[in-house]
Amino acid sequence: MPVQKLLSPILFLLILCGIWSCGKNQEMELDLTDSDQISYNFHIRPILSDKCFACHGPDANKREADLRLDTEDGAFAGLKESPGKFALVSGDLQKSEVYHRINSTDSGEMMPPPESNLSLNPEEIELIKRWIEQGAKYEPHWAFLKIEKPIVPKVDWGTNEIDAFTYRKMRSKKLKPNPEAKPHELIKRASLDLTGLPPSPSILDKYSGFSGENTYEKLLDELLAQPAFGEKLAILWLDISRYADSYGYQDDEVRSQWPYRDWVIHAFNNNLSYDQFLTWQLAGDLLPNATKEQILATAFNRNHKYTEEGGIIEEEYRIEYVLDKTNTFSKGILGITMECAQCHDHKYDPFSQKEYFELFAFFNNSKEKGFEGDISRTKPAKNPILWIERDDLDGIMSFINHPDTTKLMVSVMGENDEKRTTYILDRGVYDAPTIPVEVSTPSSILEFPNDIEQNRLGLAKWATNRNNPLTSRVFVNLIWQEIFGKGIVKSAGDFGMQGDLPTHPELLNWLAADFMENGWDIKRLLKQIMTSATYRQSAVVSKDHLTKDPENIYLARAPRMRLPAENIQDLVLASSGLLQTSIGGPSVKPYQPSGLWEAATSGRGTLATYIQDSGDKLYRRGIYNFIKLTVPPPKAIIFDSSNRDRCEIGRNRTNTPLQALVMMNDPMVLEASRVLAIKLSENQPDDELAIREAFKRIVCREMKSKEKDLLLGYYKSQLKEFEDNPEYAISTLDVGEYPMNEKAITPRNAALMQVIVSLYNLEETITKS
């Protein structure tokens with residue numbers, strides 16, 4: 001039977017069951033409802049940053065008329081080109097040249113100038129006018145202010161402090177919170193958020209109604225204790241740490257960094273505090289009496305691409321690796337775009353090129369080389385190397401899932417005995433050193449103390465210092481993003497001038513302060529968010545929501561989000577019973593369209609040809625799929641996963657026809673449907689009960705009456721088709737490598753398989769709501 005013919009009823013079923021479509025994005029409106037006082041940080045700075053700072057900002061080389069509008073001193077200083085005049089005069093519009101220039105129609109005077117292709121709209125001009133009238137008061141950038149714990153508002157809704165802040169914002173927009181979600185919805189939501197796996201029917205039954213001792217809080221504790229928790233949260237960190245299984249560049253040979261992935265999973269499962277989690281990764285090798293586990297954690301710094309191409313300039317690539325480490329630290333941990341200051345002073349944020357290379361200096365003393373030979377001399381790790389032996393696996397590193405007795409090698413950090421001098425590189429070019437610099441950090445964030453180690457360990461202490469305004473804010477924002485789809489700061493990797501403003505600034509500060517006060521406890525933070533009434537709301541969207549808050553900025557409902565790529569695979573395998581649940585181990589090569597690796601290879605090395613794995617390796621979680629940097633896993637990329645060639649702290653979420661084609665034709669989905677169909681057929685002779693169980697496993701709730709009628713009708717139509725054409729049943733069931741008894745090749749199993757395929761293609765199945 002042609003695939004298209006089989007699938008046409010599926011499409012009809014999908015339409016009947018409802019397909020979610022994303023609304024058009026809309027810009028967040030300025031919130032002036034609480035007060036008519038204009039804030040520099042929240043109202044004026046975004047305008048100046050977008051329209052003015054390129055010419056009148058931090059970058060001295062690009063500054064026009066020697067005028068700075070990013071600092072109070074610069075903005076109120078006399079204009080050098082117009083003696084006796086000032087860009088801004090507090091409370092006086094007539095004496096403020098900025099006001100005249102933004103209102104001018106003279107092309108020689110108007111600002112921004114016409115050739116910039118920038119302009120201010122009437123609302124922005126009015127805001128600047130009101131700001132000047134109110135005194136043109138400057139404020140330090142909100143993200144660089146020390147984190148102070150605000151007073152929790154008093155409200156009459158919610159279960160914890162989070163709700164006090166969100167409810168106040170909802171009411172300011174005349175929104176009412178949704179009622180609490182139904183128990184089965186919360187069970188599925190929490191299971192997907194904490195483990196990346198669907199709840200089993202037994203879990204759904206156990207916590208149905210949250211009665212007696214089986215409370216919602218107990219469910220969260222049970223999920224947090226599962227080994228799958230570490231696998232779920234590790235996906236976020238592997239995107240940040242740009243983990244991959246190959247070196248990248250032209251030859252793109254295999255590397256053995258996977259023990260680092262096992263460590264990340266282990267650290268999250270053991271609830272290693274975030275400050276220690278960072279310290280071990282940044283400088284585990286520099287800790288007193290460092291253990292092999294702490295040294296392994298420093299592989300975080302070595303996950304970048306590494307060339308094995310002949311004829312390269314070693315120092316050029318060594319510098320490239322240090323740049324990558326610097327940029328990963330600044331973006332992934334500090335949430336700033338420090339890389340913009342590699343070639344010149346930052347155009348928008350108060351970071352000079354000198355400060356960039358002072359930060360660069362922390363990573364510039366590594367023993368790492370720029371080149372260790374071409375692919376003919378390849379090895380799975382580059383110096384410095386950590387060797388992991390059987391004694392280690394039986395002891396302190398027992399969390400590493402290594403199935404044989406061979407030694408493992410992992411690229412890690414190590415310091416030179418003699419300190420390497422770091423220079424500011426002219427225009428960021430490796431062979432253009434200028435002025436020597438010492439290790440330090442941007443003063444606008446937090447001065448680097450002289451009384452701590454002047455190396456990566458000191459950098460780790462600086463990053464986790466209670467007075468550092470970024471590290472805690474950035475991480476709690478990432479966790480919020482994991483749960484709600486968008487961070488309190490939408491631009492999770494840019495807390496600078498060009499980044500988005502926090503939608504709930506007081507809540508962000510409260511969470512960041514509370515996180516540090518409570519030992520940087522990650523599991524506690526997650527439970528705190530997930531026990532809030534804000535999290536537990538229904539995801540139902542009303543007309544009022546769509547009118548007042550289509551993007552759910554003010555959180556008057558729970559979000560609806562498609563699962564990450566890896567967790568879609570996990571859901572299919574888990575619900576079908578195929579999932580191989582062992583934790584950790586080498587990466588695996590699942591089903592993949594033929595010819596992809598071969599079409600993008602130099603022809604050299606062991607990864608020139610894709611060799612698919614078999615057996616249990618085909619049924620592992622998505623986190624363990626082999627990532628070749630030049631040809632990332634195609635299915636994961638279609639579902640918006642990171643390609644891992646650089647630090648990423650957020651993924652796009654698209655809705656494309658290719659995604660539907662994957663779900664309808666992927667061998668894994670079809671094989672899982674076949675295996676589950678046969679299993680249910682063997683255990684459940686009643687067709688309706690078999691479909692009911694499949695629905696509960698996959699959709700994670702009981703079937704409704706109309707859904708039962710639709711699915712039974714579809715099943716009967718497919719059963720008749722297969723009974724009339726038995727050969728179609730053979731071709732339909734003949735998919736995947738999981739063994740199948742010939743007696744299982746029946747019209748009933750083929751029809752049941754088609755019903756299950758349709759269930760996997762429901763929007764509700766792969767959506768957290």
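Quick notes
- Matching residues in region 494-522 - criterion: being open to solvent by 30 Å² or more (accessible area, probe 1.4 Å), touching a residue at least 24 places away in the same chain (Cβ under 8 Å) and over 19 Å from residue 40 (Cβ atoms): 517, 519, 521
- Hey, residue 615 closer than 23 Å to residue 262 by Cα and surrounded by 15 or more Cβ atoms within 10 Å (Cβ to Cβ) or not: no
- Residue in region 648-656 that is in contact (Cβ under 8 Å) with a residue 12 or more places away in the chain, open to solvent by 40 Å² or more (accessible area, probe 1.4 Å) and among the acidic types (Asp, Glu) present: yes
- Where a residue in region 413-442 is outside any loop (DSSP other than H, G, I, E, B) and its partner, wherever it lies, is of a type in the set (A, V, I, L, M) and loosely packed, with under 14 Cβ neighbours inside 10 Å, with Cβ under 8 Å and at least six apart: 423/435; 424/435; 425/432; 426/432
- Test result for residue 464, free of Cβ contacts under 8 Å to residues at least 60 places away in the same chain and of a type in the set (Val, Ile, Thr): no
So that you can scan it fast, the table gives a plain yes or no per residue for (1) at pLDDT below 95; (2) part of a helix (DSSP H, G or I); (3) under 40 Å from the mean Cα position of the chain (by Cα):
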position	(1), (2), (3)
652	yes, no, yes
663	no, yes, yes
673	no, yes, yes
678	no, yes, yes
688	no, yes, no
695	no, yes, yes
702	no, no, yes
710	no, yes, yes
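Residue-by-condition table, conditions (1) surrounded by 12 or more Cβ atoms within 10 Å (Cβ to Cβ); (2) of a type in the set (A, V, I, L, M); (3) at pLDDT below 80:
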position: 2; (1), (2), (3): no, no, yes
position: 10; (1), (2), (3): yes, yes, yes
position: 34; (1), (2), (3): no, no, yes
position: 46; (1), (2), (3): yes, no, no
position: 51; (1), (2), (3): yes, no, no
position: 59; (1), (2), (3): yes, no, no
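- Scope region 523-567; condition farther than 15 Å from residue 193 by Cβ and open to solvent by less than 40 Å² (accessible area, probe 1.4 Å); matching residues: 533, 538, 545, 549, 551, 552, 553, 554, 555, 556, 557, 565
- Qualifying residue in region 213-234 (condition: in contact with a strand residue (DSSP E or B) (Cβ under 9 Å, 6 or more places away or on another chain) and at pLDDT 95 or above): no
- Per-region count, region 70-96, residues over 17 Å from residue 109 (Cα atoms) and open to solvent by less than 60 Å² (accessible area, probe 1.4 Å): 10
- Of all residues in region 683-697 being touching a residue at least 12 places away in the same chain (Cβ under 8 Å) and open to solvent by 40 Å² or more (accessible area, probe 1.4 Å), the one that is farthest from residue 751 (Cα to Cα): 697
- Residues in region 455-493 that are of a type in the set (S, T, N, Q) and assigned to a loop (DSSP other than H, G, I, E, B) were compared, and the one that is least open to solvent (accessible area, probe 1.4 Å) is 468.
- Looking only at residues of region 296-320 that are surrounded by fewer than 21 Cβ atoms within 10 Å (Cβ to Cβ) and not charged (D, E, K, R), we find that the one that is farthest from residue 429 (Cα to Cα) is 310.
- In region 321-354, residue most open to solvent (accessible area, probe 1.4 Å) [restricted to those that are within 22 Å of residue 473 (Cα to Cα) and of a type in the set (D, E, K, R)]: 339
The values are calculated or read from the model by the stated rules, or taken from the named source; none is laboratory data. In this text, all values refer to a predicted model and were calculated from it rather than measured experimentally. So basically every Cβ, Gly included, is an ideal-geometry build from the backbone, and we count neighbours across all protein chains shown. Each accessible area value is taken on the protein alone, full model and side chains, heavy atoms only, with ligands, DNA and RNA left out. Shrake-Rupley method; radii C 1.70, N 1.55, O 1.52, S 1.80 Å.
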